[in-house]
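J.: The structure is given below, and queries will be raised subsequently.
The values are calculated or read from the model by the stated rules, or taken from the named source; none is laboratory data. In this text, all values refer to a predicted model and were calculated from it rather than measured experimentally. Cβ atoms come from the backbone with ideal geometry, glycine included; neighbour counts cover every protein chain shown.
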Amino acid sequence: MPVGNRVFLKRELPSQELVKAFSELPAANVADAMGRLCAIHSDIKLMSSPSKKMCGVALTVKSRPGDNLLLHKALNLAEEGDVIVVSNEGDRSQSIMGEIMYKYLSDYKKIEGIVIDGPIRDIDVISKSEMPIYATGTTPGGPYKEGPGEVNVPIACGRISVNPGDIILGDQDGVIVIPKNDAAQILDKAIAISAGDAAKAAASASGTVNRNWVDDTLEKKGIEIIDDVYRP
C-alpha cells in the first residue's frame, strides 16, 4: 500500500443521533468534559458568517504544505454531514482553497463545514457566506496540485490529532475534536457541565456566586496576601 499516496473510501462513523446531540452543546462545555485537551489551536479561526454551529464527522485530508490535490479528491467524496479537516504541516504561504471550491462544498455538496490548518483566499465572498469554514488567515497566493497526500487517514490539525469519523464541533469560540470511540461517554459529562454552567452564569449575573474558592486555593498554594503597598 503506497503510504503517502492513498485514499480510503470508507470510515467508521458515529451515530447520527450522537452527532445531533453534540450540535446542541457549546464547544467550551464539551471541551471541559475532555479535560480541555481537545481544542484546535486558536490560530485557526472562523472565517465565514454561519447562523448555526458546525457539527459533523471528520473527512480527513493529509496534504503536502501548500498543495490541495488530495483536498480536491475529498471534495468528490464529501457528503452532507461531513466536516473536511485538512492537515497542512503548519504552512502559511499558500491558500488551500477559495470561492470556487467553497461554493461547491456549501451550495452543491451541502457539507457541515471545513477546517484548514492554513490560509484561504476570496475572503470578500467567503466572509459573508453561511457554511462554517475555519482557517489561519488569508493570502492571494494559490495552492499547487501535485501531491503527495492522503484521504481518510489520521492527521494533525491545529496541534490536535483527528481520525476519520471523529465528531468535529465548532462555534464562535473555535473547533474541538471529539474522538468517536469515546463520544457517548463524553456526551453525558458535557450535558451535566452545560447545565451547571447555566446555573453559574445566572449566579454570576446576580452577584450570588460563591467565590470563596479563590482565597481557599491561594492559601493552599502558599500565596501570601499582604495588606500593604509594594515598595521597591
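Per-residue answers, yes or no, for (1) at pLDDT 95 or above; (2) touching a Ser or Thr at 6+ places or on another chain (Cβ under 8 Å):
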| position | (1), (2) |
| --- | --- |
| Ala135 | yes, no |
| Gly141 | yes, yes |
| Ser161 | yes, no |
| Pro179 | yes, no |
| Asp197 | no, no |
| Ala202 | no, no |
| Gly207 | no, no |
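J.: Let me ask something additional. Residues Asp215, Asp182, Asp171, Asp228: which one is touching a strand residue (DSSP E or B) at 6+ places or on another chain (Cβ under 8 Å) and not β-branched (Val, Ile, Thr)?
T.: Details: Asp215 fails: touching a strand residue (DSSP E or B) at 6+ places or on another chain (Cβ under 8 Å); Asp182 fails: touching a strand residue (DSSP E or B) at 6+ places or on another chain (Cβ under 8 Å); Asp228 fails: touching a strand residue (DSSP E or B) at 6+ places or on another chain (Cβ under 8 Å).
Checking each option against the conditions leaves just Asp171.
J.: Let me ask something else. Going through region 16-33 one residue at a time, which ones are touching an Asp or Glu at 6+ places or on another chain (Cβ under 8 Å) and in a loop (DSSP other than H, G, I, E, B)?
T.: Matches in region 16-33: Pro26 only.
J.: Just give me the residues in region 193-232 being more than 27 Å from Ala31 (Cβ to Cβ), assigned to a loop (DSSP other than H, G, I, E, B) and of a type in the set (D, E, K, R), in sequence order.
T.: Answer for region 193-232, where residues must be more than 27 Å from Ala31 (Cβ to Cβ), assigned to a loop (DSSP other than H, G, I, E, B) and of a type in the set (D, E, K, R): Glu224, Asp227, Asp228, Arg231.
J.: Another question, if that's okay. Out of Ala28, Ala58, Ala21, Ala33, report the one residue that is in contact with a Lys or Arg (Cβ under 6 Å, 6 or more places away or on another chain) and under 18 Å from Ala184 (Cα atoms). Even if it seems obvious, please write down each step before you answer.
T.: Values: Ala28 fails: in contact with a Lys or Arg (Cβ under 6 Å, 6 or more places away or on another chain); Ala58 fails: in contact with a Lys or Arg (Cβ under 6 Å, 6 or more places away or on another chain); Ala21 fails: in contact with a Lys or Arg (Cβ under 6 Å, 6 or more places away or on another chain).
Criteria check complete, one pass: Ala33.
J.: Could we say that Pro50 is surrounded by 17 or more Cβ atoms within 10 Å (Cβ to Cβ) and in a loop (DSSP other than H, G, I, E, B) here?
T.: It is true that Pro50 is surrounded by 17 or more Cβ atoms within 10 Å (Cβ to Cβ) and in a loop (DSSP other than H, G, I, E, B).
J.: Another one. May I ask you to say which residue of Lys110, Lys103, Lys73, Lys62 is basic (Lys, Arg) and within 23 Å of Ala27 (Cβ to Cβ)?
T.: Values: Lys103 fails: within 23 Å of Ala27 (Cβ to Cβ); Lys73 fails: within 23 Å of Ala27 (Cβ to Cβ); Lys62 fails: within 23 Å of Ala27 (Cβ to Cβ).
It is Lys110.
J.: Could we say that Asp43 is in contact (Cβ under 8 Å) with a residue 40 or more places away in the chain and within 14 Å of Asp117 (Cα to Cα) here? Quick ask: steps written out before the conclusion?
T.: Values: in contact (Cβ under 8 Å) with a residue 40 or more places away in the chain: yes; within 14 Å of Asp117 (Cα to Cα): yes.
Criteria met by Asp43.
J.: Taking region 127-182, which residues are assigned to a loop (DSSP other than H, G, I, E, B), among the polar types (S, T, N, Q) and within 27 Å of Asn29 (Cα to Cα)?
T.: Answer for region 127-182, where residues must be assigned to a loop (DSSP other than H, G, I, E, B), among the polar types (S, T, N, Q) and within 27 Å of Asn29 (Cα to Cα): Ser127, Ser129, Thr136, Asn163, Gln172.
J.: Just the residues that are of a type in the set (Asp, Glu) and within 20 Å of Val125 (Cβ to Cβ), please, taken from region 54-102. Don't jump to the end; show me each part of the working.
T.: Step one: of region 54-102, the residues of a type in the set (Asp, Glu) are 67, 79-80, 82, 89, 91, 99.
If the condition is that a residue be of a type in the set (Asp, Glu) and within 20 Å of Val125 (Cβ to Cβ), then Glu99 is the only one that fits.
J.: Which residue, of Tyr144, Tyr134, Tyr108, is free of Cβ contacts under 8 Å to residues at least 12 places away in the same chain, of a type outside the set (D, E, K, R) and out of contact with any Phe, Trp or Tyr (no Cβ under 6 Å at 6 or more places or on another chain)?
T.: Working: Tyr144 fails: free of Cβ contacts under 8 Å to residues at least 12 places away in the same chain; Tyr134 fails: free of Cβ contacts under 8 Å to residues at least 12 places away in the same chain.
The conditions single out Tyr108.
J.: Let me ask something else about it. Out of everything in region 193-232 that is out of contact with any Asp or Glu (no Cβ under 6 Å at 6 or more places or on another chain) and touching a residue at least 60 places away in the same chain (Cβ under 8 Å), what residue ends up being surrounded by the fewest Cβ atoms within 10 Å (Cβ to Cβ)?
T.: Initial filter on region 193-232 (out of contact with any Asp or Glu (no Cβ under 6 Å at 6 or more places or on another chain)): 194-232.
Then drop every residue that is not touching a residue at least 60 places away in the same chain (Cβ under 8 Å), which leaves 194, 197.
On the way: Ser194: 17, Asp197: 14.
Out of the qualifying residues, it is Asp197.
J.: Which residues, counting only those in region 53-86, are of a type in the set (A, V, I, L, M) and either part of a loop (DSSP other than H, G, I, E, B) or free of Cβ contacts under 8 Å to residues at least 24 places away in the same chain (or both)?
T.: Taking region 53-86 as the starting set, the residues that turn out to be of a type in the set (A, V, I, L, M) are 54, 57-59, 61, 69-71, 74-75, 77-78, 83-86.
Listed by number, the list holds a single entry, Ala78.
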